[in-house]
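Report on one structure; see the data block that follows.
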Amino acid sequence: MHTGELLGSGRTADVFAIDDQWVLRQYRDGGDTAPEAAVMSYLADHGYPVPHLRQPTAHGDTAVARTRLEMQRLTGPSMVEALEQGAITPEAAGAMLADLLRRLHAIPARLSADPADRVLHLDLHPENVMLMPDGPVVIDWSTADEGRPGLDWAMSALILAEVAVAPVPVSEGARIGLTSLLRHADPEVHLGDAGSGHLARARTRRSADPNLTESEVRLLGDAVALVHDVEAGFRR
């Protein structure tokens with residue numbers, strides 16, 4: 001059930017207009033948005049740039065309301081659109097992603113009692129960053145979890161690397177963005193390789209993602225090798 005114009009569709013959810021200030025995000029499988037809302041609210045309380053939320057207003061049915069996430073309508077371009085328009089360079093995009101990861105991992109975990117754990121986005125890439133006049137805003141927290149920050153760095157790096165090794169026009173830009181991301185990574189973050197460490201865990205997660213196509217899964221081996229080579233270049 002939705003209220004207005006379809007503004008965008010991801011692999012698992014759609015976003016509809018409510019009015020000029022608010023949008024509705026809804027999972028196509030009717031999934032519960034409460035965990036995503038809880039993470040976003042927690043991060044907002046800690047000053048992290050996420051869309052503002054409000055309680056669903058269109059339905060009194062609690063079960064229906066939990067499938068609806070009403071949030072601030074963001075008018076800026078996505079990082080992908082800004083890259084396509086030449087408004088931001090791949091180097092700057094990689095550095096911005098790194099800064100967003102560092103800022104996220106400076107916030108204590110919401111649920112875990114392990115002091116080393118942090119909130120992880122696990123899908124932070126240019127399509128999930130909106131560039132607003134007062135700075136970037138991170139969207140789509142449906143994959144958020146808690147754990148060691150290295151996994152978040154590995155996931156972002158691997159997603160960029162998948163584009164970099166694909167036969168697409170933006171592959172070179174993605175490679176530059178990947179290099180910039182890892183150049184600006186925290187020194188204590190070591191991703192590992194295809195056999196162990198955060199990079200191996202990231203590959204396992206990506207391989208199990210039902211939203212990836214067969215061709216995307218086939219690129220994972222080359223993408224992992226690229227991430228490992230780029231990181232190793234900075235460790236020499």
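Residue by residue through segment 73-84, which ³J(HN,Hα) values in whole Hz follow from phi under the Karplus form 6.51 cos²θ - 1.76 cosθ + 1.60 (θ = phi - 60°), with glycine and proline marked x?
Running phi through 6.51 cos²θ - 1.76 cosθ + 1.60 with θ = phi - 60° gives 7, 9, 9, x, x, 6, 4, 4, 4, 5, 5, 5 Hz.
222 nm [θ] for the chain, helices only, -39500 (n - 2.57) per DSSP H run of 4+, per residue, to 500?
When only DSSP H runs of four or more count, the value is -13000 deg cm²/dmol.
On a full-extension model of 0.36 nm per residue, what is the gain between ASP20 and SER41, subtracting their alpha-carbon distance, rounded to one decimal in nm?
The ASP20-SER41 span can extend by a further 5.4 nm.
For segment 68-205, evaluate the Debye formula with one uniform point scatterer on each Cα (no solvent term) and list log10 I(q)/I(0) at q = 0.16 Å⁻¹, rounded to two decimals.
Treating every Cα as an identical point scatterer, log10 I(q)/I(0) equals -0.84.
Using a Förster distance of 25 angstrom, determine the FRET efficiency expected from the C-beta separation of SER112 and ARG54, and round it to 0.05.
0.35
Nothing charged except the Cβ atoms of Lys and Arg (+1) and of Asp and Glu (-1): what's the magnitude of the dipole of segment 162-236 about its Cα centre? Round to the nearest 20 debye.
120
Of all accessible surface on segment 64-108 at a 1.4 Å probe, what whole percent is carbon and sulfur?
Here carbon and sulfur together make up 53 percent of the probe-accessible area.
Given Cβ point charges of +1 (Lys, Arg) and -1 (Asp, Glu) and nothing else, what value in debye, to the nearest 20, does the dipole of the chain about its Cα centre take?
Value, rounded to 20: 380 debye.
Please report, largest first and rounded to whole Å, the three semi-axes of the ellipsoid equivalent to the chain, where each semi-axis is the square root of five times an eigenvalue of the C-alpha gyration tensor.
Values for the chain, descending: 30, 20, 18 Å.
Between GLN85 and GLU146, what is the spin-label point distance in nm, taking each point 7 Å from the Cα along the Cα→C-beta axis?
3.8
Mind checking the angle between helix 171-183 and the chain's longest principal axis? C-alpha axes, 0 to 90 degrees, to the nearest 10.
80
Mind checking the angle between helix 90-105 and the chain's longest principal axis? C-alpha axes, 0 to 90 degrees, to the nearest 10.
70
How far apart, in nanometres, would the label points at ASP99 and ASP32 be if each is projected 7 angstrom from Cα along the Cα-to-Cβ direction?
3.7
Output the direction-averaged projected area (hull surface divided by four) of the convex hull of the alpha-carbon atoms of segment 197-236, in nm².
2.8
The values are calculated or read from the model by the stated rules, or taken from the named source; none is laboratory data. The model shown is predicted, which means the values in this text are computed figures rather than measured ones. No Cβ is skipped: glycine too gets one built from the backbone with ideal geometry, and neighbour counts run over all protein chains shown. Quick note on the areas: whole protein, heavy atoms, side chains included, nothing else; ligands and nucleic acids left out. Shrake-Rupley method; radii C 1.70, N 1.55, O 1.52, S 1.80 Å.
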